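S.K.: Submitted below is the structure of interest, expressed as structure tokens.
The values are calculated or read from the model by the stated rules, or taken from the named source; none is laboratory data. What you see is a predicted model; the values in this text were computed from it and never measured. Positions of Cβ are generated from backbone atoms using ideal geometry, with glycine treated the same way; all protein chains shown enter the neighbour counts. Remember, those area values only see protein heavy atoms, side chains included, never the ligands or the DNA or RNA. Shrake-Rupley method; radii C 1.70, N 1.55, O 1.52, S 1.80 Å.
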Amino acid sequence: MQEAHTSREFDELLDRARRLLSQMGARVERQVDDAIECLGSGSTLLVDQVMRHEVEINELERSIDALAGQIIARRKPAAGDLRLLLAFIKSTTDLERIADEAKKIALRGRSIAEDRWPSRPRHYEVASMARLAVELVRQAVGALERLDASRVADAAEREAQLDATLRGVLRSLISYMVEDPRTISSCLDMLFVAKSFERIGDHATNLFEHVIYAVRGEDLRHTAPFSSQ
């Protein structure tokens, strides 16, 4: 009877950790969407909202990590459950870093909007990167919620597309700066935005790696992306 009670408590704690992680993933998705909207509008109100939501995301990261640590210390989970909890802890780090990059994009969006030169680069310069990054984050969050590694090949392809698109954005921004030096400030802002989208893709890819570790016990760090697929 005591064993069944202990098992039920463990399952409840694990379910709570899952729910918190799902909530954090949803918040991070929204953060990326809001950041992209800031890039187009430069809305100060939306930038402020992104800043407020970052505080909530950071608190979720702390809560999940503390809960997972408590479960590991007190319940001493077996191999499969231990891998899952370690994957949760690793995932909160990457989710928080995606949110950090989203905040940077929102702040750069406000800075770009304040530049009044009519020839300044517009947000469509990085629109394709934004789309790819959003798709990667949504896929990764979904895979994390369902512990589903079946779409890792799609994720690897999108990350490769994101890297290739970054090179195109760099060429475009260099052309702007050469043609009109007055755009240098805005172009540099847009360059940092493009790099943030690239980093978002990197962290989303890490989430897939954490899922693979939890499900299959395979550690793909320091290897070619999804080389075991």
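S.K.: Residues to consider are Ile64, Ile89; find the one that is open to solvent by 40 Å² or more (accessible area, probe 1.4 Å) and within 24 Å of Thr205 (Cβ to Cβ).
M.R.: After ruling out the rest, the residue left standing is Ile89.
S.K.: Let me ask something additional. Does Asp100 qualify as being under 22 Å from Asp202 (Cβ atoms) and in contact with a helix residue (DSSP H, G or I) (Cβ under 7 Å, 6 or more places away or on another chain)?
M.R.: No.
S.K.: Within the range 23-44, is even one residue over 21 Å from Met129 (Cβ atoms), at pLDDT below 95 and in a helix (DSSP H, G or I)?
M.R.: Yes, that holds for at least one residue.
S.K.: Which ones in the range 78-92 are polar (S, T, N, Q) and over 12 Å from Ile57 (Cβ atoms)?
M.R.: Within the range 78-92, Ser91 is the sole residue that qualifies.
S.K.: Shifting gears a bit: Going by the structure shown, is Ser228 assigned to a loop (DSSP other than H, G, I, E, B), out of contact with any Phe, Trp or Tyr (no Cβ under 9 Å at 6 or more places or on another chain), at pLDDT below 95 and open to solvent by 30 Å² or more (accessible area, probe 1.4 Å)?
M.R.: yes
S.K.: Related question: Give the residue that is modelled with the lowest pLDDT, with candidates limited to residues of the range 90-134 that are among the polar types (S, T, N, Q) and within 21 Å of the chain's Cα centre (by Cα).
M.R.: Of everything passing the filter in the range 90-134, Ser128 is modelled with the lowest pLDDT.
S.K.: Of all residues being among the hydroxyl-bearing types (Ser, Thr, Tyr) and open to solvent by 20 Å² or more (accessible area, probe 1.4 Å) in the range 134-186, which is nearest to Thr93 (Cα to Cα)? Just the residue, please.
M.R.: Ser150
S.K.: Output the residues belonging to the range 46-61 that are open to solvent by 60 Å² or more (accessible area, probe 1.4 Å) and under 12 Å from Arg27 (Cα atoms).
M.R.: Arg52, Val55, Glu56, Glu59, listed by residue number.
S.K.: Which residue out of Ala164, Ala156, Ala113, Ala194 is over 25 Å from Glu59 (Cα atoms), aliphatic (A, V, I, L, M), assigned to a helix (DSSP H, G or I) and out of contact with any Ser or Thr (no Cβ under 9 Å at 6 or more places or on another chain)?
M.R.: Ala164
S.K.: Shifting gears a bit: Do we have Glu145 as in a helix (DSSP H, G or I), within 26 Å of Glu96 (Cα to Cα), modelled with pLDDT of 90 or more and more than 12 Å from the chain's Cα centre (by Cα) here?
M.R.: yes
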